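Here's the structure, in structure tokens; my notes come after.
The values are calculated or read from the model by the stated rules, or taken from the named source; none is laboratory data. The shown structure was predicted, so the numbers you read here are calculated from the model rather than taken from an experiment. Here the Cβ is made from the backbone with ideal geometry for all residues, glycine too, and neighbour counts use every protein chain on show. Surface areas here come from the heavy atoms of the whole protein model, side chains and all, with no ligands, DNA or RNA. Shrake-Rupley method; radii C 1.70, N 1.55, O 1.52, S 1.80 Å.
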Protein chains: 2
Amino acid sequence: VIQHPKIDRDRLLSDLRELAEIGKDGTGVRRPAYSEADIAARHWLAEKFRTAGLDVQIDRVGNVFGRSRVSRALLMGSHSDSVPYGGWLDGSLGVIYALEVARALSAAGVIGAVGVDVVSFADEEGMFAGWFGSRTHCGDFDDSVWRKFWNAEGVLLAEALEAFKDRQRSTLDKSRNFGYLEAHIEQGPRLEALGKPVGIVTSIVGIRTCKLYFSGRADHAGTTPMPMRKDAGKHLVALLSRLCARFKEAAGEDTVWNFGNIIMKPGAANVVPEHAELFVQYRDSDAKNLQSFDAILADEIRAANAAEPNCCSMSSTMATEPIAMDPHFRQVLRDAATQLGHACEDIPSGAGHDAAAVGMHIPIGMLFVPSIGGRSHTPEENTADEHIVAGAEVLLAATQRLLESDA
Amino acid sequence: VIQHPKIDRDRLLSDLRELAEIGKDGTGVRRPAYSEADIAARHWLAEKFRTAGLDVQIDRVGNVFGRSRVSRALLMGSHSDSVPYGGWLDGSLGVIYALEVARALSAAGVIGAVGVDVVSFADEEGMFAGWFGSRTHCGDFDDSVWRKFWNAEGVLLAEALEAFKDRQRSTLDKSRNFGYLEAHIEQGPRLEALGKPVGIVTSIVGIRTCKLYFSGRADHAGTTPMPMRKDAGKHLVALLSRLCARFKEAAGEDTVWNFGNIIMKPGAANVVPEHAELFVQYRDSDAKNLQSFDAILADEIRAANAAEPNCCSMSSTMATEPIAMDPHFRQVLRDAATQLGHACEDIPSGAGHDAAAVGMHIPIGMLFVPSIGGRSHTPEENTADEHIVAGAEVLLAATQRLLESDA
């Protein structure tokens with residue numbers, strides 16, 4: 001008997017809250033990749049997937065899959081790891097949504113030749129490497145990286161993965177998974193400011209993260225005349241002032257940038273800085289704007305080194321390109337929201353997501369729900385229950401349409 | 001029998017080297033105030049003073065005195081504590097010089113009614129409080145501060161002083177000590193650059209040290225649009241850029257300034273800085289220049305808070321006024337150098353010294369010897385043996401003249 005599939009509001013919210021108990025830390029969670037709590041959450045999810053009638057696999061890097069018994073499926077999910085002092089919804093929301101959609105479809109008996117595969121990817125937050133689980137699943141990381149990444153506690157990735165050493169590897173099967181649909185909290189203030197419960201993601205921004213290093217010489221700041229100094233901090237401040245002005249000038253409407261840290265050594269009031277570091281990050285969904293910033297940065301580093309030879313160097317720690325959502329997926333999400341009467345808004349994702357890794361290989365779509373106060377990566381992170389439920393309803397309706405259009 | 005007093009070159013250098021063995025750390029020393037090594041060095045000095053025929057006192061805060069058995073004396077010395085990774089001459093040079101001068105005068109039989117008192121002051125380097133020993137001896141610190149200062153390891157000053165709990169207090173006796181003469185390494189590059197072995201200190205700079213605090217809000221640097229941010233780092237950089245320009249504009253010929261550290265929290269590439277700190281220090285021997293800088297700083301803090309209410313605050317950690325050397329002492333030092341054929345140069349002291357504390361109460365003079373490469377507060381700190389000996393010879397000749405002129 002085929003019924004109209006429905007989100008079970010109570011089951012959805014109670015599963016989210018139950019998952020938040022694993023690694024609970026006040027109102028937030030601490031489930032950094034491959035911690036005891038993260039692994040426990042993955043086993044909890046595996047059991048939930050099994051109970052939902054899905055075929056379970058935990059793979060060699062800790063990705064958890066719950067696959068429908070069909071030959072073709074929409075891949076859905078997100079991640080269940082967190083930052084060290086994280087919130088309860090970042091990642092978890094998308095995984096439990098996918099589980100609930102699978103259960104709703106199954107209960108209604110609507111899954112035929114095309115179904116859904118649910119996934120929780122590992123280490124999305126990059127305690128070892130950003131989007132590690134999804135990039136490994138997609139074949140973009142080989143095993144050599146296991147010996148190249150450490151977490152902040154000095155644990156080697158290869159050691160952390162011992163917990164999964166008896167597991168099989170998994171590989172994205174493009175002939176099976178015709179697309180990937182991920183829901184996530186917005187992690188920003190826009191939807192809340194607009195008063196809309198649903199965001200239709202247009203693209204995931206490209207991200208550049210780098211550090212600039214400035215070198216000088218530590219001298220006594222009382223006894224060394226100003227002209228005889230080599231002040232690493234002075235070079236940093238001069239370059240930074242110019243970056244501030246030029247980035248502002250060159251920015252597109254949605255470009256964001258951040259100078260998140262400055263480190264000076266030895267760092268004493270009476271010692272001229274010998275070494276200085278500047279953290280630079282910028283993001284845009286338009287590659288041209290990223291390239292403008294790249295050019296400004298390179299130009300300013302050249303200018304600094306022309307003024308004082310070898311005073312400045314750069315190392316890039318992340319450089320991803322913007323990735324667009326599939327237009328069909330976007331339309332389907334928009335139609336689903338409209339059908340259910342939930343106001344929605346096109347919105348770029350300023351944060352990276354597993355979808356950015358998967359989207360290099362198959363079509364992707366993403367849905368956002370509002371973050372209260374725009375807060376995330378903090379125990380204060382939260383979303384109104386009504387918005388959590390609205391997002392799940394839109395995701396379910398969109399999934400039905402995508403399965404029908406592929407069938 | 002009165003002979004011509006002479007510096008014993010070998011005794012001088014071997015005493016300096018023997019003292020450097022206490023708390024030795026590679027080519028440097030680690031004798032932070034009231035550490036085991038610092039206390040051991042003080043007992044070693046007491047024994048040296050005793051052997052030299054001086055009356056020894058270690059006082060209630062660890063100052064070590066070796067007094068001549070006369071009713072009137074020139075106080076001479078420096079300090080024997082060091083910064084944690086310090087050099088072998090900073091402070092020690094001036095103490096061993098004073099000891100050697102006392103021995104040379106005594107051996108020559110020239111001490112009559114007026115003699116020399118030798119001192120090694122405690123905690124000159126301010127592990128607990130800058131010039132703590134000399135300021136206490138001069139009556140500028142009462143015991144209440146013992147419960148107000150901690151060192152970086154969290155030890156309370158009162159606890160550190162337990163090592164001297166059975167000792168008597170000491171107080172500067174102005175009717176006895178008609179002046180204070182201190183020799184020290186330059187800690188800067190000027191004498192070396194000039195090729196002169198002796199510096200006649202003109203004054204000790206006034207020093208302002210403060211921290212500026214900037215407050216903002218931690219937001220996700222990818223998802224929070226630029227206009228919705230409160231970026232503590234942005235305020236800091238804006239103010240610092242203006243300070244750099246205005247300090248340069250207002251500086252006198254010898255004004256020095258330093259922005260020795262910047263701290264940002266939480267300090268992640270992808271989080272907007274919630275909190276930022278800027279270390280500011282400036283020094284000048286001309287009080288007017290210090291006041292100009294004070295006014296610029298106050299003005300820029302006002303401007304920052306006018307632009308963004310309460311985004312910036314300041315706490316002052318040090319504010320000393322410049323102090324001039326006694327003209328007679330300067331002349332005597334210059335005459336002594338000239339008499340011995342050692343080229344000398346008038347030079348302001350960019351670093352603080354115990355003389356600055358003592359100079360609030362009695363006339364002071366200071367002599368510098370060159371620092372190789374201008375290095376100090378590092379194990380690389382060094383001075384050529386010939387310069388060490390030349391400095392001692394000038395100090396001895398100057399001391400004779402000062403004793404004669406007071407007699």
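Things worth noting here:
- For the range B:250-407, a/c is not less than 1.5, where a ≥ b ≥ c are the root eigenvalues of the C-alpha gyration tensor, and a/b tops b/c. That puts it in the prolate class.
- For the set A:Tyr85, A:Tyr97, the ranking by accessible area, highest first and with no ligand, DNA or RNA atoms included, is A:Tyr85, A:Tyr97 under a 1.4 Å probe.
- Partner shielding of B:354-364 amounts to 0, given as the average count of beta-carbon atoms from other chains within 10 Å of each residue beta-carbon.
- Residues with amide H under 5 Å from that of B:Asp117, placed H, sequence gap 5 or more: B:Ser68, B:Leu74, B:Leu75, B:Met76
- Peptide A:269-278 has a mean shielding of 5, counted as Cβ atoms of other protein chains within 10 Å of each residue's Cβ.
- Value of relative contact order over chain A, rounded to a whole percent, pairs C-alpha under 8 Å and six or more apart: 22
- Net +/- balance of residues flanking B:Lys196 in space, Cβ distance below 13 Å, scoring K and R +1, D and E -1: -3
- About its Cα centre, the dipole of the protein assembly as shown is roughly 180 debye, where the only charges are +1 on Lys and Arg Cβ and -1 on Asp and Glu Cβ.
- For the range A:249-379, averaging the sequence separation of C-alpha pairs within contact (under 8 Å, six or more residues apart) and dividing by the residue count gives a relative contact order of 18 percent.
- Per residue, the solvent-accessible area of the protein assembly as shown (1.4 Å probe, heavy atoms of protein chains only, all protein chains present) comes to 38 Å².
- Residues in the range B:165-179 carry Karplus couplings, in order, of 5, 8, 8, 8, 6, 10, 9, 4, 9, 5, 6, 8, 8, 7, x Hz; the curve used is 6.51 cos²θ - 1.76 cosθ + 1.60 with θ = phi - 60°, and Gly or Pro positions show x.
- Position B:Glu18: other-copy label points at 8.0 nm, ordered by increasing distance, label point 7 Å along Cα→C-beta.
- Leading residue at positive end of dipole, the protein assembly as shown (Cβ point charges), from A:Ala324, A:Ser144, A:Ala250: A:Ala250
- Assuming charge only on the beta carbon of Lys and Arg (+1) and of Asp and Glu (-1), the dipole of chain B about its Cα centre is about 500 debye to the nearest 20.
- Stokes-Einstein D in µm²/s, Kirkwood radius over Cα pairs - the range A:16-132 at 20 °C with 1.002 mPa s viscosity: 152
- Candidate lysines for bridging to B:Lys248, where Cα separation is under 17 Å - those fewer than 8 sequence places away on the same chain excluded: A:Lys230, A:Lys234, B:Lys288
- Considering all different alpha carbon pairs of the protein assembly as shown, the Kirkwood hydrodynamic radius works out to 30.7 Å.
- Calculated [θ] (222 nm, deg cm²/dmol) that DSSP helices of n ≥ 4 give over chain A, each run adding -39,500 (n - 2.57): -11000 deg cm²/dmol
- Pairwise burial B:A, computed as accessible area of each alone minus the pair, summed, 1.4 Å, Å²: 3700
- Cα-based Rg of the range B:88-154 normalised by 2.2 N^0.38 Å, two decimals: 1.47
- With contacts taken as Cα pairs under 8 Å and at least 6 residues apart, the range B:31-112 reaches a relative contact order of 26 percent.
- Using alpha-carbon coordinates, inclination of helix B:92-108 to the longest axis of chain B, degrees: 10
- For the peptide A:178-187, the mean number of other protein chain Cβ atoms found within 10 angstrom of a residue's Cβ is 1.
- Phi angles across the range A:34-43 convert, under the Karplus curve 6.51 cos²θ - 1.76 cosθ + 1.60 with θ = phi - 60°, into 3J(HN,Hα) values of 6, 6, 3, 5, 4, 5, 4, 5, 5, 5 Hz, Gly and Pro given as x.
- Label sites at B:Ala307 and A:Gln291, each approximated as a point 7 angstrom past Cα along Cα to Cβ, lie 3.3 nm apart.
- Plainly put, the tip 7 Å out from Cα toward Cβ on B:Gly373 is 5.1 nm from that tip on each other copy, the closest given first.
- Near B:Asp25, the amide H atoms lying under 5 Å from its own belong to B:Arg30; only residues 5 or more places off or on other chains count, and H is placed 1.01 Å from N.
- Across the identical copies, how the A:Gln3 labels are spaced - nm, sorted shortest first, 7 Å along Cα→Cβ: 11.4
- In order along the range B:329-336, the phi-based Karplus estimate (6.51 cos²θ - 1.76 cosθ + 1.60, θ = phi - 60°) of 3J(HN,Hα) comes to 4, 4, 5, 4, 5, 5, 4, 5 Hz; Gly and Pro are listed as x.
- Accessible carbon and sulfur surface of the range A:8-55 relative to its total accessible area, %, 1.4 Å: 48
- Size of electric dipole in the range B:253-407: Cβ of Lys, Arg +1 and of Asp, Glu -1, about Cα centre, debye, nearest 20: 240
- Residues whose placed amide H lies under 5 Å from that of B:Ser285, excluding near-sequence neighbours: B:Gly206
- Net charge contributed by nearby residues that have their C-beta within less than 12 Å of B:Asp284 (K/R +1, D/E -1): -2
- Chain A: Cα Rg divided by the 2.2 N^0.38 Å rule of thumb: 1.08
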